Amino acid sequence: MVPYVELNVAGAFQWGALEPEEGTVAESEVPGISAMRRSEESAMAYRNAEAMSAFRVLCDSEDSTAEAFLTLAKRFHASGRIREAIVAYQRVLERDPANDAAGCALGQLPALDNPALDELLLVSFDAQGEAERTRHFAKAVSGDYIYNIDPVGACNLRCPSCAQSRSMARGMPHNQMTLKTFKSILAKIAREHPKGRVIAVNLFNWGEAFLHKDLPAFIRATRAAGFRCGLSTNLNHALTVQRLEEILGAGPDVMRISISGFTNQTHQQQHARGDINLVKANMHLVRHVLDRLGLNIAIEVGYLLYRHNFGQDFVRVRQLCDSLCFRFDYGFSTLTPIETLQASAMGHIEDEYAGVLDALLMTPLDWFHWTAQAPGFVARPASECPLKTNMIAINSDGSVPVCCASALPENNVATDYLQVPFEELEQRRANMASCAACEQVRSVFLNGDKLEAVAKEFICKRMNAAGAFIGSERYPL
Ligand code: SF4
Ligand code: SF4
């Protein structure tokens, strides 16, 4: 479950701004009574009308400055008048091509000549609700130290970008961890961390935990040990209400659902063997169970972005999440495991991955070249990799990889987690030779949280190329 790279570029997609317009306010409709007595709504209409009036004056004058247009552009943008905002930002750039505020804003807005613009501007989301869900999720998922533990080393799907679908999967463990072993692992974790430290145990890494019949018991044991508990699933299962009640009722703090389309035509391109209709039915079932049992589990839908699945599928999944009060998140899909990513960034790509590269919005090689020229990007040394500074993975057979992104047994640091003290494991991971390759290619995992600063422009370019409705003339390919 790691082919997803957290981009954390929510700022690049100002969905809240894409709310439907409540109706055009003509200049002649400007109210004449005191603004103090107007409702907030009519005050907004008043300011919009004022802005429209000023906009016409500015457009008619050859002396209008970039600053004046920028003020108006922001006004339009904030009030959801997206068409006017786009035009006003464009006027800014005509006068001041280096204006960052206008350039950034345009990069986040649809292009005016986008044929889907009318439809897209009608899409509205509960921006406040989404902000609350994001806060809830962030709190529930955090921890001072994170363990990704695979209860099962197999998956029911065959996503082409995932190690599970590749020949290398033959070398990965495919067993089910016993509850007894899992409890021993929890006990060791409790012994090896000081009291008061917040430990988060995620019941996933390379496997689909819903396949494990004892999953509810795994969750209960995690909670009983005093740890936070996270799930991640493709939700592609014939679930009964009873099974879902057992899993969710066991008390996980968070659950992430991974999908890549709203229709099977789109979803199945990457979630091979999956059926999005089953997933969507289960999403409704999850909401039903949460409400029925009065549970406050943070549910997040992680939408994996490829070249083919932005547009309408993206919008409709987002709307579905909104209606179910699930947090919606998205991120680039990339190649896994890390060993394949490293090779690919160096130009060595195995035949079985060749088709996958075409689907990616950003290949490891792209990232390698992009970061080389991105102003201000300083690659992180492998010793500071976030995948090993406060987190560790344990495979279903108890072996410990150098990090959660690694799947080659030769890069394991222990064959049995239970036999090696925590400090020794940390020492072995700190000195792993395989990390040097990550440093060499400036791996996305290694530099994951630096993506925001360098990736916005990249994202806009790629999204444009993929026919998406963000990005604009500002970032032509
Ligand atoms: S659903 Fe299965 S095959 Fe697809 S990415 Fe997750 S673990 Fe890999
Ligand atoms: S540097 Fe690479 S191999 Fe090493 S822990 Fe980080 S992601 Fe894993």
Task: Ratio Rg/Rh [Cα only; Rh per Kirkwood] for region 157-198 - done: 1.22
Open item on the list: What does the extension gain come out to for C325 and H288, with contour length at 0.36 nm per residue minus their alpha carbon separation?
Closed with: 12.2 nm
TODO: Starting at the first residue of region 262-272, write each ³J(HN,Hα) from the Karplus equation 6.51 cos²θ - 1.76 cosθ + 1.60 with θ = phi - 60°, in whole Hz, x for Gly and Pro.
DONE: 9, 10, 5, 4, 8, 4, 6, 4, 10, 7, 4
Open item on the list: Given R₀ = 45 Å, what would the calculated FRET efficiency be for D100 paired with H174, taking r from the Cβ atoms and rounding to 0.05?
Closed with: 0.30
- [ ] Evaluate the distance, in nm, between pseudo-label points positioned 7 Å from the Cα of A430 and of V57 along their respective Cα→Cβ axes.
- [x] 6.6 nm
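Between L211 and S167, what FRET efficiency comes out of the Förster formula 1/(1 + (r/R0)^6) with R0 = 22 Å and r the beta carbon distance, rounded to 0.05?
Details: r = 21 Å, r/R0 = 0.96.
In this case the efficiency is close to 0.55.
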Task: Label point distance in nm, A354-A379, each placed 7 Å from Cα along Cα→Cβ - done: 2.8 nm
TODO: Pull out the extension gain between R135 and T389, defined as 0.36 nm times the separation in residues minus the alpha carbon to alpha carbon distance; nm, one decimal.
DONE: 89.1 nm
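Using a ≥ b ≥ c from the Cα gyration tensor of region 326-386 (square roots of the eigenvalues), is it rounded, prolate or oblate, where a/c under 1.5 gives rounded and otherwise the larger of a/b and b/c decides, a/b for prolate?
Numbers: a/c = 1.55, a/b = 1.11, b/c = 1.40.
Because a/c hits 1.5 or more and a/b fails to exceed b/c, region 326-386 counts as oblate.
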- [ ] Between N156 and L112, with labels modelled 7 Å along Cα→Cβ, what's the label distance in nm to one decimal, could you check?
- [x] 5.0 nm
Task: Net charge, S323 excluded, C-beta distance under 14 Å - Lys, Arg +1, Asp, Glu -1 - done: +2
Open item on the list: Need one word for region 283-417: rounded, prolate or oblate. Basis is the Cα gyration tensor (sqrt eigenvalues a ≥ b ≥ c); a/c below 1.5 gives rounded, then a/b vs b/c decides.
Closed with: oblate
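Cβ under 12 Å from G143's Cβ, G143 left aside: what net charge do those residues give with Lys, Arg +1 and Asp, Glu -1? Kindly include the intermediate steps, with their values, before the conclusion.
On the way: positive: K139, R197, R228; negative: D144, D253.
That sum, taken over residues with Cβ under 12 Å, equals +1.
Which net charge results when you count Lys and Arg as +1 and Asp and Glu as -1 among the other residues whose beta-carbon is under 10 Å from that of A414?
Working: positive: R428, R429; negative: D416, E424.
Around A414, the surrounding residues sum to 0.
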Task: Packing-based order for 403-409, 366-372, 161-167, using average beta carbon neighbours within 10 Å, highest first - done: 403-409, 161-167, 366-372
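Assuming R0 = 30 Å, what is the FRET efficiency of H369 and D449, from their Cβ-Cβ distance, to the nearest 0.05? Write out the running numbers ahead of the final one.
Values: r = 20 Å, r/R0 = 0.68.
Between H369 and D449 the formula returns 0.90.
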Task: Segment L295-A78, length gained on full extension (0.36 nm per residue, minus Cα span) - done: 74.6 nm
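A short reminder: the numbers here are calculations on the coordinates, not readings from a lab. Just so it is clear, the structure is predicted and the values come from calculations on it, not from any experiment. In this analysis, Cβ positions are derived from the backbone assuming ideal geometry, glycine residues included, and neighbour counts consider all displayed protein chains.
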